[in-house]
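No lab work stands behind these numbers, since they all come straight from the coordinates. Everything quoted here is computed from the prediction, not taken from an experiment. Virtual Cβ from ideal backbone geometry, glycine too; neighbours counted across all protein chains shown.
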Amino acid sequence: MNVLSPISGLAVRRAGRDEDARICAFLARHPDATPFHRPAWSRAVEQGCGQQSHMLVAETCGAVTGVLPLTHVRSLLFGTALVSAGFGVGGGILAADPVSAERLAAAALALADELGCHSVELRGGEIPQGWHVAEGTYANFARPLPQGDEAILKSIPRKQRAEVRRAIGFGLDVEIGRDADAHYGVYAESVRNLGTPVFPSALFTAMLDAFGDDAEILTVRHDGRPVASVLSLYDKGIVYPYWGGGTAEARGLRASELMYYELMRHAAARGCTRFDFGRSKTGTGAFSFKKNWGFEPDPLRYAVHGAARDTNPASAKYRLQVALWKKLPLAIANRVGPLLARGLG
């Protein structure tokens, strides 16, 4: 693909795998870049879920002026789509100028036609004119991260701070490293209890490999058993606790409260100055949980061109399936779930 613009010197094309350094240099300069824009994210999704990635790059006179990471998501249940970024909550068009953004959008539509995709989904970033925009369904939660243990604890609202202190009193053990097996066991049980299929374990292993030192797992244990665990990414001084959860035992132990407090402490010690709590659907328990920590919701704007997929587990059409999934034995959910989840994107 090489989509030329009427403006001399501007072109959009699919980047090769040997161009990561150029792309990452552009991302390092752009204030709105996220981990979901990084080639490492797309490669890990491709390796872990088997969904092909395409990195579109806009160039002006040889310099990168925009990027758009796309995942070709294929599912017998949910259809096909080009998603930016696949399995992420962000990763939409990132450009240095409006023309580059416009050409990236046009190139995405051309690629969708080439691949036979029913739609193109953009999560955040520059929103092209004429696309359907959804706002208010999801919100992101992020705020500055204080430095020092005392300052972090004081930044947590009083009621939530009391829950953190309760968790500290249970004598739980905290481990920071790359124990993918412990994390997957906890996360798989957590999402089963929510009624949603778990992603393939290969996705988490691929993320750890792709991000290297910019990915870590924090696990809380009780009597040696993992009860809460979160896989976090680090990018430009921001910590992103992305895949986290707890077992049924975690609630009484307030293990999730301890998990996020300890992650704040650890991230600050690493030099992070911002904590990105991630996306939650308006009106859900996760939405309220993050507000209880003193985070304010920032509505997310997503855009779609074509026939939009409905992959939201909170959708009324999936109410029965979600209820049934919660009752599945964990072993069955862990066997069947990845086959379904790899097509969600």
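Which log10 I(q)/I(0) values does segment 226-338 give at q = 0.15, 0.16, 0.17, 0.22 Å⁻¹ under the Debye formula, counting every alpha carbon as one identical point scatterer?
The Debye formula, applied to the Cα set alone, gives -0.91, -1.02, -1.12, -1.38.
Taking the Cβ of each residue in HIS37, HIS183 as the centre, tally the other Cβ atoms inside 10 Å and list the residues starting with the fewest.
Listing HIS37, HIS183 from fewest to most nearby Cβ atoms yields HIS183, HIS37.
So, how do all the Cα-to-Cα distances of segment 146-272 break down into 10 Å bins, in percent, from 0 on up?
Calculated P(r), rounded to whole percents: 13, 43, 35, 8.
Determine, from the Cβ-Cβ distance of VAL322 and ALA63 and an R0 of 51 Å, the FRET efficiency 1/(1 + (r/R0)^6), rounded to the nearest 0.05.
About 0.60, to the nearest 0.05.
Roughly speaking, what % of Cα-Cα pairs in segment 2-138 are separated by over 18 Å, rounded to a whole number?
Details: 4738 of 9316 pairs.
The calculated P(r) of segment 2-138 puts 51 percent of pairs beyond 18 Å.
Once the convex hull of the C-alpha atoms of the chain is built, how many Å³ does it hold per residue, rounded to a whole number?
Each residue corresponds to 129 Å³ of Cα convex hull volume.
Dipole of the chain, Cα-centred, from +1 at each Lys and Arg C-beta and -1 at each Asp and Glu C-beta, to the nearest 20 debye? Could you put the intermediate results ahead of the total?
Working: 39 positive and 34 negative charges, 226 e Å.
So the dipole magnitude of the chain works out to roughly 1080 debye.
What length, rounded to one decimal in nm, is gained on full extension from ASP18 through to ARG165, with 0.36 nm per residue of separation minus their alpha-carbon distance? Before the final figure, lay out the partial values.
On the way: separation 147, 0.36 × 147 = 52.92 nm, distance 4.89 nm.
Taking 0.36 nm per residue and subtracting the Cα distance, the gain is 48.0 nm.
With axes computed from alpha carbons, what is the tilt in degrees of helix 39-49 against the longest principal axis of the chain, rounded to the nearest 10 within 0 to 90?
Around 70 degrees separate the two axes.
Counting Lys and Arg as +1 and Asp and Glu as -1, what is the net charge of the other residues whose Cβ lies under 11 Å from the Cβ of ASN193?
Spelling it out: positives minus negatives among the neighbours equals +3.
Taking N as the number of residues in segment 239-290, what value does Rg over Cα atoms divided by 2.2 N^0.38 Å take?
Its radius of gyration relative to the 2.2 N^0.38 Å reference: 1.22.
What order do you get for GLU126, GLU163 when you list them from fewest to most C-beta neighbours inside 10 Å?
Going from sparsest to densest Cβ surroundings: GLU163, GLU126.
Which of the pairs LYS159/LYS236; LYS236/LYS326; LYS290/LYS326 have their Cα atoms more than 27 Å apart in this structure?
On the way: LYS159/LYS236 31 Å; LYS236/LYS326 37 Å; LYS290/LYS326 23 Å.
Distance filter (> 27 Å) returns LYS159/LYS236; LYS236/LYS326.
Which one of VAL304, ALA267, SER229 is farthest out on the positive end of the charge dipole of segment 191-326, using unit charges on Cβ (Lys, Arg +1; Asp, Glu -1) and the Cα centre as origin?
It is VAL304.
Bin all alpha-carbon pair distances of segment 94-175 at 10 Å intervals from 0 and give each bin's fraction as a whole percent.
Bins of 10 Å from zero give 12, 26, 19, 14, 21, 7 percent of pairs.
With runs of 4+ DSSP H residues as the only contributors, calculate the mean residue ellipticity of the chain at 222 nm using -39,500 (n - 2.57) per run, divided by the residue total and rounded to the nearest 500.
Counting only the DSSP helices, I get -11500 deg cm²/dmol.
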